[in-house]
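Asker: Sharing a structure, written as structure tokens. Questions coming.
The values are calculated or read from the model by the stated rules, or taken from the named source; none is laboratory data. Note that the coordinates shown come from a computational prediction; the quantities given were computed from them, not determined experimentally. All Cβ positions, even for glycine, are placed from backbone atoms using ideal geometry, and neighbour counts span all protein chains on display. Note: accessible area is taken over every heavy atom of the protein model, side chains too, but ligands, DNA and RNA are not part of it. Shrake-Rupley method; radii C 1.70, N 1.55, O 1.52, S 1.80 Å.
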Amino acid sequence: MITVNPDGKIMVRRCLVTLRPFRLFVLGIGFFTLCFLMTSLGGQFSARRLGDSPFTIRTEVPGGSESRGALRKMSDLLELMVKRMDMLARLENSSELHRTASVAHLAADRLTPGAGLIERIQAIAQNVSDIAVKVDQILRHSLILHSKVSEGRRDQCEAPSDPKFPDCSGKVEWMRARWTSDPCYAFFGVDGTECSFLIYLSEVEWFCPPLPWRNQTASRRAPKALPKVQAVFRSNLSHLLELMGSGKESLIFMKKRTRRFTAQWTKAAKHLAQKLGDARRDQKQILVHIGFLTEESGDVFSPRVLKGGPLGEMVQWADILAALYVLGHSLRITVSLKELQSNLGVPPGRGNCPLTVPLPFDLIYTDYHGLQQMKQHMGLSFKKYRCRIRVIDTFGTEPAYNHEEYATLHGYRTNWGYWNLNPKQFMTMFPHTPDNSFMGFVSEELNETEKQLIKDSKASNMAVVYGKEASIWKLQGKEKFLAILNKYMEIHGTVYYESQRPPEVPAFVKNHGLLPQPEFQQLLRKAKLFIGFGFPYEGPAPLEAIANGCIFLQSRFSPPHSSLNHEFFRGKPTSREVFSQHPYAENFIGKPHVWTVDYNNSEEFEAAIKAIMNTQVDPYLPYEYTCTGMLERIHAYIQHQDFCVGPSPVPSGAHTSQSPFVLAPNATHLEWAQNISSVAGAWPPTHSLRAWLAAPGRACTDACLDHGLVCEPSFFPYLNSQDAFLKLQVPCDSTEWEMHHLYPAFAHPGQECYLQKEPLLFSCAGASTKYQRLCPCRDFLKGQVALCQGCL
């Protein structure tokens, strides 16, 4: 049995307890030293990199003395540790000379690594000491250099008093107090110095004049414009489906709709290509941001797609995407705020700074949610580029609600208005008001064979109720008119339910549950009648029903529904009065396809049902809701609508003896003189202008319709002169320029003529019994109310 000297055990334990932990501690200190050294030097020199701060001028090097002191202390600490470790090693060696040879060898084995560690630490200490000296020299040189630069430019970094830049000094004051409020200022190089303020305000924003000692070539050099590419009609929509993305039920619905209409889009593209001939069309770079589908806006639609929720907005967006793509334009589609920020070039921060690059898109299609998101994150760039935005706006925005100052002063301010856009930038689902642009959507177009099959398979006594949510069936008084309808027809519903039949649906109604779109189309092709309960307003379903050979029966509203008396319209930026569930169907289609009656009048309702049963109709679809009609309309908008240029100037003839207007032979209205050419670049062409003086209390929208025309707000600037009143033989005792959405107009009593002071307030909508409004009208293509006869 081998025995070990007890003193040897003590020696081993001492080595294990003291030397190893000490070695680990020293290694940790060394690692910490290297990390600190790298961080310190990186922090000192990162600000010198051109990419981080393209134009910052620093007048001091913060932390220079602290860094040098820290390096010295660390060097001293390492040297002290080496001395103490050396003393410890010598003490251990001298006290153990009398030990046995075997134990001495064991101790030597333990101590040898410690000796090597001492040498390494000495080397690290020497390196740290050398680096400290070099850093000290570099920092001293940097301070001297920056002090010279600062001395030379201090007098050039004061806010100039230039009358061309009246807001400069105020903006500098704001930057002094608030530049740390948003990280985006530091991103652009602002560091709290006067020079950085002025450089930012002159080169990133535009409130101050350029500094004379700056390299203006670099700051003003615009990026090279991409070569113009001709747009080519597309027939394969597979790439569009990829661009639309996935992951949301709403996107899945939109992609299914696009696939179903591919053949019709292809046919429409060929038709429009033949009509346009060899006309060149430049390809536009277009961003489509569907704001209501973003998580930040709540995305209330996607979860309801499979539960009978409203689909009208998704129908329209799917068709807009398809039309833009088929027309041959380059699309980028976003449905998240992060994607939007990335595509726009939004700098990091809270959205107070402009974009990091010029906007790479010619056009942006979005909705009110997306518009709000862009305003929050684009800073001053929003005001600069908002002329390129097109807002998909289901119910429309009237000029009185759009003009921020006017809306605030006159009680028109709502949660959705006051954007100060050109009213034509708002694009609606139906042609509610000519103040906005009519975007629309498409319905399925049938060929003659399909139309005949539908006529042969129609049931004479089958009705389908418009509405997939059970809440629609809670309408008070529905029992009375449903009982009458049930006497003559078999009633079908498509109300969503999960496990049991909705109690709101009467037992005599055959409920199919929520049907996929193809099955719903088949149900409409069998039905005789499609009946609405008064809600939802102005959806796509009635047009789909009429296109499939149904007669649409709807309720007449008395009094009409509006923001004044109905919760649904409250807060919407329009004063429009809705006289039925679907005004477009009532006014633009009408009988025999559309019947509008008072549901509270049982005799009128029953008489309408009897008449409908004896009425035969063919499937009908207005041309403007076909794929060809929508392609024509969007093509014309892209080619001719440019809101980034100022309003067309009033022709010189309006203020001279040679007026552009002549009184019509019947002396009822004004026409554009044949010997005066149309205004160059004006769209619609000015030769289509006709002007009437409306009756008191009559809106221009209605006054033009009375003559078989539509109001054209872009013509208002040409009529906004005293000459127009003189030509119409209106006796103006005085003429005033004021800001009012009903002007130009003639006031009763008083014989006063009022002209419009604010171009954004020219409005076809609105009326007052006090005024006779001066109304510009134009003709329109048959079945295409958005375009005049010479507009395409």
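Asker: With just the Cα atoms defining each centre, how far is the range 268-312 from the range 477-527? Give it in Å.
Answerer: With the range 268-312 and the range 477-527 each reduced to a Cα centre, they are spaced 31 Å.
Asker: In the range 696-779, carbon and sulfur make up what percent of the accessible area (probe 1.4 Å)?
Answerer: 49 percent
Asker: I'd like the accessible area for Glu448, computed on protein heavy atoms only with a 1.4 Å probe and all protein chains in place. Round to 10 Å², please.
Answerer: 130 Å²
Asker: Additional query: Once both labels are modelled 7 Å past Cα along the beta-carbon direction, what's the Lys164-Ala664 spacing in nm?
Answerer: According to this spin-label approximation, the distance is 5.0 nm.
Asker: Could you derive backbone 3J(HN,Hα) for the range 257-267 from the dihedral phi with the Karplus parameters 6.51, -1.76 and 1.60 (θ = phi - 60°), listing whole Hz in sequence and x where the residue is Gly or Pro?
Answerer: 5, 5, 4, 5, 9, 4, 4, 6, 5, 4, 5
Asker: By average Cβ neighbour count within 10 Å, what is the ranking of 233-242, 538-547, 635-644 from highest down?
Answerer: In decreasing order of mean packing, 233-242, 538-547, 635-644 become 538-547, 635-644, 233-242.
Asker: So how much slack lies between Asp706 and Arg570, counting 0.36 nm per residue of separation and subtracting their Cα-Cα distance, in nm?
Answerer: Value of the extension gain: 46.1 nm.
Asker: Quote the accessible area belonging to His410 in square angstrom, nearest 10, computed with a 1.4 Å probe and with ligands, DNA and RNA left uncounted.
Answerer: Accessible surface of His410 is approximately 90 Å².
Asker: Does the range 427-562 come out rounded, prolate or oblate, given a ≥ b ≥ c as the square roots of the eigenvalues of its C-alpha gyration tensor, rounded meaning a/c under 1.5 and, failing that, prolate meaning a/b above b/c?
Answerer: Here the range 427-562 falls in the oblate category.
Asker: To the nearest 0.05, how large is the calculated FRET efficiency for Glu405 and Gln517 if R₀ is 51 Å and r is the Cβ-Cβ distance?
Answerer: The calculated FRET efficiency here is 0.65.
Asker: Right, another one. Once you have a ≥ b ≥ c as the square roots of the Cα gyration tensor eigenvalues for the range 290-434, tell me rounded if a/c is under 1.5, and otherwise prolate or oblate according to whether a/b is larger than b/c.
Answerer: The shape class here is rounded.
Asker: Which order do Lys528, Lys307, Lys757 take when ranked by solvent-accessible area (1.4 Å probe, heavy atoms of all protein chains), largest first?
Answerer: Accessible-area ranking of Lys528, Lys307, Lys757, largest first: Lys757, Lys307, Lys528.
Asker: Heavy atoms only, probe 1.4 Å: what % of the accessible area of the range 269-375 goes to carbon and sulfur, would you let me know?
Answerer: Summing carbon and sulfur atoms, their accessible area is 48 percent of the total for the range 269-375.
Asker: Quick one: which of 490-496, 256-262 comes out on top by average Cβ neighbours within 10 Å, and what's the full order, highest first?
Answerer: 490-496, 256-262
Asker: Ranked from the most accessible area to the least, with a 1.4 Å probe and all protein chains present, what is the order of Tyr497, Tyr584?
Answerer: Greatest to least solvent exposure: Tyr497, Tyr584.
Asker: Per residue, how many Å² of accessible area does the range 262-352 show with a 1.4 Å probe?
Answerer: 40 Å²
Asker: Then there is this: Could you order Ser169, Ser677, Ser302 so the one with the most accessible surface comes first? Probe is 1.4 Å.
Answerer: From most accessible down to least: Ser677, Ser169, Ser302.
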